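Peer 1: Let me give you the structure first, and then I'll get to my questions.
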Amino acid sequence: MARNVKTPECGYFTVITAAEYLDLGRKAIYQFIRSGELVATAYGRQYRIAVEDMERFEARRKKLTADRLRQERVGLLIGH
C-alpha cells in the first residue's frame with residue numbers, strides 16, 4: 001500500500017486523506033466502512049478514522065495479501 005500522505009497529527013483521517021494514504025479511491029474507503037472492515041466514526045455527514053483503526057486495517061490487508069500470494073505460490077508448485 002502506497003503512502004502518499006503522512007499520518008495526521010490530529011489523530012484522525014478523513015475519507016479523502018484515508019484514500020490518499022492507502023492509494024485507493026474514496027468509493028473503496030466508503031465500501032470498507034460500510035462492510036465494517038474499516039472502523040470509522042460518523043460526524044454529521046462525514047467520517048473520521050482513528051490512526052489506530054487505520055493501522056489495524058492496514059495490517060489486516062497486508063496479511064491477506066501475503067496469505068493470498070502464498071496460496072498462489074503453493075498452487076503453482078502443486079500444479080493447479
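We did not get these values from a lab; they are worked out from the coordinates using the rules stated. Only a predicted model underlies this, so the values are computations on that prediction, with no experimental measurement involved. Every residue, glycine as well, gets a Cβ built from its backbone with ideal geometry; the counts of neighbours run over all protein chains shown.
Conditions tested, residue by residue: (1) among the basic types (K, R); (2) within 13 Å of V15 (Cβ to Cβ); (3) out of contact with any strand residue (DSSP E or B) (no Cβ under 8 Å at 6 or more places or on another chain); (4) surrounded by 15 or more Cβ atoms within 10 Å (Cβ to Cβ).
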| residue | (1), (2), (3), (4) |
| --- | --- |
| Q31 | no, yes, yes, no |
| R34 | yes, yes, yes, no |
| L38 | no, yes, no, yes |
| Y47 | no, yes, no, yes |
| E55 | no, no, yes, no |
| R60 | yes, no, yes, no |
| K63 | yes, no, yes, no |
| Q71 | no, no, yes, no |
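Peer 1: Among the listed residues I33, I16, I49, identify the single one that is among the hydrophobic types (A, V, I, L, M, F, W, C) and either assigned to a strand (DSSP E or B) or on the phi > 0 side of the Ramachandran plot (or both). Before you say what the answer is, go through the steps one by one.
Peer 2: Values: I33 fails: either assigned to a strand (DSSP E or B) or on the phi > 0 side of the Ramachandran plot (or both); I16 fails: either assigned to a strand (DSSP E or B) or on the phi > 0 side of the Ramachandran plot (or both).
Checking each option against the conditions leaves just I49.
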